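Below: the structure, in structure tokens.
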Amino acid sequence: MKHSLKNAEDLRWLIGHTGGFRSGYVTDVQMSKRRLFDEGSGREVPAGTTVSVSIRYEIRDMVRTAKLTMTGVTDFSIFEQDGADCSTLGTIQAEYSAGKLRFWFDPQGELYVVCDEASLDEIATPFVTADQAAEFARWTFQGRADEGPTVEWLLHKLDRAGLPCAWRETARTVAIHPAVRWEGDLIPADESTAGGEHMVHVMGYSPLEGQGFGLMLRVMGIQDRRLSQILEVLANQITQQFVGDCLVGTTIIPGHEWEGWLIREHHTRNSR
């Protein structure tokens, strides 16, 4: 979900939609400065500052990861001392004044931004209670099409990649969230008769608002090369054939940038 913020009405929507990020926390703050070469003076001149703040919060039994990108920044402060932590949010404050947006991310103003405009990118997933020790990877995709991949589509892509899997539907007496459409496990074919303890759990769900679909893939069991390959093949196929955004940890990545991001990650890990 993407939303542009340019005026007071947009800020009212933001606070209403997010609940002011109440009881959330800031996971990442980044600042970038652009400079352009001025041929007249022969010097590089400032061409704008951008600040992005990533926030994780929960509302209506959904876990949301939001990235608030603020452009045309004219004032920015982040200040911590004596063990203070400005990452924990009570509720943010925002105002529109003199053509500027102002954001206070904590009551003391230790994280404060003034900018010309902003945009919100967000991915929401159903709240999942699970044994975190049994989950060693999670990848989520939020697509913009009305319908996303089906179980048959996933199995077909894995067959073509030489990674055949069996499907085991999850049977629940009570749905974990009304947005969940279906869920189950992808189990490597040669393990399907051995209890299927190592798997990729897949959950398909509807968005909180508007059209689209969500798909969450969670690798369960021991860290296994085949399971990693299953996750990577499906992530690549999904981002190639559907328009949307990926979520890895608390990082939102545009789907069309996924493969490039993955290559950079592999390069970074191998160079350590």
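Some points to look at:
- Label zone at Gln30 (point 7 Å along Cα-to-Cβ), backbone N below 17 Å, region 229-246: 245-246
- Here the Gaussian network model covers the chain, with springs between Cα atoms less than 10 Å apart; of His177, His17, His256, His17 fluctuates the most.
- Within a Gaussian network of the chain (alpha carbon springs, distance under 10 Å), most fluctuating of Arg226, Arg64, Arg56: Arg226
- Region 2-125 - Kirkwood radius from inverse mean 1/r over Cα pairs (Å): 15.3 Å
- Area of Arg34 that stays accessible when all protein chains are in place (1.4 Å probe, Å², to 10): 140 Å²
- Loop exposure criterion: GluC sites (Glu not before Pro), DSSP state outside H, G, I, E and B, at most 14 other Cβ atoms within 10 Å. Applied to the chain, the longest stretch between such sites is 81-146.
- Net dipole in debye of the chain [+1 Lys, Arg Cβ; -1 Asp, Glu Cβ; about Cα centre; nearest 20]: 240 debye
- Computed about its Cα centre, the charge dipole of region 2-125 is approximately 300 debye, with only Lys, Arg, Asp and Glu carrying charge at their Cβ.
- Average accessible area per residue (Å²) across region 130-270 - probe 1.4 Å, nucleic acids and ligands excluded: 52 Å²
- Inter-probe distance in nm under a simple model that places probes 7 Å from Cα toward Cβ, at Arg43 and Glu147: 6.1 nm
- The longest stretch of the chain left intact once loop-based chymotrypsin sites (Phe, Trp or Tyr not before Pro) with at most 14 other Cβ atoms within 10 Å are removed from consideration, loops following DSSP, is 128-272.
- All-pairs alpha carbon distance profile, region 130-270, 5 Å steps from 0, percent: 2, 9, 19, 23, 22, 15, 7, 2, 0
- Contact order for the chain, expressed relative to its length and based on alpha carbon pairs under 8 Å spaced 6+ residues apart, stands at 16 percent.
- Of all the options Arg225, Arg181, Arg22, the one that moves most in a Gaussian network model of the chain with Cα springs shorter than 10 angstrom is Arg225.
- Between Trp261 and Arg160, the distance separating the two model label sites (each 7 Å from Cα on the Cα→Cβ line) works out to 2.3 nm.
- Largest-first principal axis extents, alpha carbons of the chain, Å: 68, 48, 42
The values are calculated or read from the model by the stated rules, or taken from the named source; none is laboratory data. Since this is a predicted model, take the numbers as computed values, not measurements. For neighbour counting, all protein chains shown are included, and Cβ atoms are generated from backbone atoms with ideal geometry for every residue, glycine included. Accessible surface is based on the protein model in full, side chains and every heavy atom, while ligands, DNA and RNA are left aside. Shrake-Rupley method; radii C 1.70, N 1.55, O 1.52, S 1.80 Å.
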